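Enquirer: Please find one structure pasted underneath; my questions will follow.
We did not get these values from a lab; they are worked out from the coordinates using the rules stated. Keep in mind that this is a model prediction, so the values were computed, not measured. Counting neighbours? That spans all protein chains shown, and the Cβs are built from the backbone with ideal geometry, glycine included.
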Amino acid sequence: MELNKYIEHTLLKPNCTEDDIINLCNEAVEHKFYGVCVPPFYVQLAKKAIKKADVKIITVIGFPLGYNSVSSKVEETKKAITSGAHEVDMVMNIAAFKSGDIVSVQNDIQSVTTACHLQNKQVKVIIETAYLSDEEIIQACKICANCEADFVKTSTGFASSGATVEAVELMRKTLPAKVKIKAAGGIRDAAFAEKLIAAGADRIGASASVKMVSE
C-alpha cells in the first residue's frame, strides 16, 4: 500500500507559525503526500511553498465547532478557493443537528457544497463522530449524500476522540459508493491508518504523517 497517496498532511494547531506551515509543505512535497491541510489564514502561504508540486491544498471551514452562520461559511469557502484551496473540509452544524433542526443542517451543507462545486472544488463534511450515536452517524451521512458532498469526514481532531474503525465501517455501509470517506483525528501510526483504509477510508488526515510512512 502506498500510504503516502492517502495522506493529507495536517497542521491545524492554533499556535502554528509560518515556518511550521512551510515545513509541513516541504515534508508533503518530499514524501509525495496527497495534500496538506492548513488553516484558512495560511492557504496562500501553502500555495507559495508547494509551488508546482503535485500536492493539493486543503483547508477547513467553520472549524472546529461548526455552528457559524451559513453566510460566514460560504464566504469563508469562497475566500479559501480564491486563495488557492483545492478542497475544503467544513464542519457540520452539530448544534443544529443535535437539536433536530435538520433543515438548518441541510441548508448549511448544501450552501457550502454548492459554493465549492461552482468552482469545481471538492467538499468534505466533518460530522464529528465522537458526538454522535450510530443512528446519528447514519442520519448525518444520509444528509451529506443528499446534499452531494464529495466526502464525509469523521472528526476535527478537537473532540474527545477521533476516527475509529467502527465509525468508518458504518459510514461506508451507509454512504453511496460515489461519496468517499476521510478518516481523521488520533491517527498516529501506519497500522491504524491501514485498518481505517481497509474499513473504507479513502483519505487519511494526520499530523504524524512522516512517522507513519517511515514505519
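Enquirer: Return a yes/no flag: does segment 170-184 have any residue that is in a helix (DSSP H, G or I), surrounded by fewer than 17 Cβ atoms within 10 Å (Cβ to Cβ) and of a type in the set (Val, Ile, Thr). It would help to see each step written out before you state the result.
Expert: Of segment 170-184, the ones in a helix (DSSP H, G or I) are 170-174.
Imposing the further condition that a residue be surrounded by fewer than 17 Cβ atoms within 10 Å (Cβ to Cβ) reduces the set to 173.
Applying the additional criterion that residues be of a type in the set (Val, Ile, Thr) yields none.
No - not one qualifying residue is present in segment 170-184.
Enquirer: In segment 126-149, how many are assigned to a loop (DSSP other than H, G, I, E, B) and either touching a Phe, Trp or Tyr at 6+ places or on another chain (Cβ under 9 Å) or touching a residue at least 40 places away in the same chain (Cβ under 8 Å) (or both)?
Expert: Going residue by residue through segment 126-149, those that are assigned to a loop (DSSP other than H, G, I, E, B) are 127-128, 132-133, 147-149.
Then drop every residue that is not either touching a Phe, Trp or Tyr at 6+ places or on another chain (Cβ under 9 Å) or touching a residue at least 40 places away in the same chain (Cβ under 8 Å) (or both), which leaves 127-128, 132, 147, 149.
Here the count works out to 5.
Enquirer: Identify the residue in segment 73-108 that is β-branched (Val, Ile, Thr) and assigned to a helix (DSSP H, G or I) and, among all such residues, is surrounded by the fewest Cβ atoms within 10 Å (Cβ to Cβ). Steps first, please.
Expert: Looking only at segment 73-108, we keep the residues that are β-branched (Val, Ile, Thr), and these are 74, 77, 81-82, 88, 91, 94, 102-103, 105.
Filter again for assigned to a helix (DSSP H, G or I), leaving 74, 77, 81-82, 94, 102-103, 105.
Values: 74: 18, 77: 26, 81: 20, 82: 11, 94: 22, 102: 13, 103: 9, 105: 26.
The qualifying residue surrounded by the fewest Cβ atoms within 10 Å (Cβ to Cβ) is 103.
Enquirer: Could you tell me which residue of segment 138-185 is nearest to residue 204 (Cα to Cα), considering only residues that are charged (D, E, K, R) and within 13 Å of the chain's Cα centre (by Cα)? Reasoning before the result, please.
Expert: So the first thing to find is which residues in segment 138-185 are charged (D, E, K, R), and the list is 142, 148, 150, 153, 166, 169, 172-173, 178, 180, 182.
Then drop every residue that is not within 13 Å of the chain's Cα centre (by Cα), which leaves 150, 153, 180, 182.
Values: 150: 15, 153: 9, 180: 11, 182: 6 Å.
Per the stated criteria, the residue is 182.
Enquirer: Out of everything in segment 1-56 that is more than 23 Å from residue 213 (Cα to Cα) and among the hydrophobic types (A, V, I, L, M, F, W, C), what residue ends up being surrounded by the fewest Cβ atoms within 10 Å (Cβ to Cβ)?
Expert: 41
Enquirer: If you don't mind, another one. Check residue 52 against each of (1) without any contact (Cβ under 8 Å) to a residue 12 or more places away in the chain; (2) assigned to a helix (DSSP H, G or I) and name the one condition it does not meet.
Expert: Exception for residue 52: condition (2).
Enquirer: Another one. So residue 191 clears everything in (1) more than 23 Å from residue 98 (Cβ to Cβ); (2) touching a residue at least 60 places away in the same chain (Cβ under 8 Å) except one condition, right? Which one?
Expert: Only one criterion in (1) more than 23 Å from residue 98 (Cβ to Cβ); (2) touching a residue at least 60 places away in the same chain (Cβ under 8 Å) is unmet by residue 191, namely (2).
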